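The values are calculated or read from the model by the stated rules, or taken from the named source; none is laboratory data. Please read all numbers here as calculations on a predicted model, not as lab measurements. Glycine gets a Cβ as well: all are built from the backbone with ideal geometry, and neighbour counts include every protein chain shown.
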Amino acid sequence: MAIFRLIFNIAWFVLGGFVMGLAWWLAGILCFISIIGIPFGRACFVIGEMAFWPFGQQTVNRRQLTGEHDLGTGTMGMVGNIIWFLFFGIWLAIGHLTHALACFITIIGIPFGIQHLKLALLSLTPIGQTIVPTEQC
């Protein structure tokens, strides 16, 4: 199973994952320019790494994973997600949706399109989410 994951991740990286991973990292750099954006920037780099190699990783809500509330899973997380959506989320989602549509043109590209759709949803509201290995879910 690990060999298939490796093959899919390499194909993903070559066929669009590299571009979207860089887009996430660019958003992270822009967030780091302002002091209040540093937590957003850190999350961008973590999610950007997932955008480079998504197969074998999954996002889950931190509250569901730990059973505890934290700053990102409460009201402040919702406010942060609204701010994120307005500045970066919509643009990253459009990028992932564009790549998904391009992937869905071929039968071989369908798994890649599905991953782009998952990342598009994550790009809309990333605060309060965490990335875990698929085996952990």
Yes/no for residue 45 being without any contact (Cβ under 8 Å) to a residue 60 or more places away in the chain, in a helix (DSSP H, G or I), more than 19 Å from residue 120 (Cα to Cα) and not charged (D, E, K, R): no
Being at negative phi and within 13 Å of the chain's Cα centre (by Cα) is true for just one of 44, 31. Which residue is that? 44
Residue 62 versus (1) among the basic types (Lys, Arg); (2) free of Cβ contacts under 8 Å to residues at least 40 places away in the same chain; (3) buried (at least 16 other Cβ atoms within 10 Å of the Cβ): which is the lone unmet condition? (2)
Within region 76-89, identify whether any single residue is closer than 19 Å to residue 23 by Cα, among the aliphatic types (A, V, I, L, M) and crowded, with 18+ Cβ neighbours inside 10 Å, and answer yes or no. no
Which ones in region 56-68 are in a helix (DSSP H, G or I), over 30 Å from residue 13 (Cα atoms) and not polar (S, T, N, Q)? 63
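So, residue 56, is that one surrounded by 20 or more Cβ atoms within 10 Å (Cβ to Cβ) and either under 13 Å from the mean Cα position of the chain (by Cα) or touching a residue at least 12 places away in the same chain (Cβ under 8 Å) (or both) or not?
Values: surrounded by 20 or more Cβ atoms within 10 Å (Cβ to Cβ): no; either under 13 Å from the mean Cα position of the chain (by Cα) or touching a residue at least 12 places away in the same chain (Cβ under 8 Å) (or both): yes.
So residue 56 does not fit the description; no.
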Could you list, in sequence order, all residues of region 92-118 that are closer than 30 Å to residue 33 by Cβ and either touching a Lys or Arg at 6+ places or on another chain (Cβ under 9 Å) or loosely packed, with under 14 Cβ neighbours inside 10 Å (or both)? 94, 96
Quick one: count up the residues across region 30-44 that are surrounded by 13 or more Cβ atoms within 10 Å (Cβ to Cβ) and more than 16 Å from residue 72 (Cβ to Cβ). 2
Looking at the structure I just gave you, is residue 67 at positive phi and of a type outside the set (Asp, Glu)? yes
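Surrounded by 17 or more Cβ atoms within 10 Å (Cβ to Cβ), at pLDDT below 90 and either more than 12 Å from the chain's Cα centre (by Cα) or under 24 Å from residue 133 (Cβ atoms) (or both): does that describe residue 16?
For residue 16, the condition - surrounded by 17 or more Cβ atoms within 10 Å (Cβ to Cβ), at pLDDT below 90 and either more than 12 Å from the chain's Cα centre (by Cα) or under 24 Å from residue 133 (Cβ atoms) (or both) - is met.
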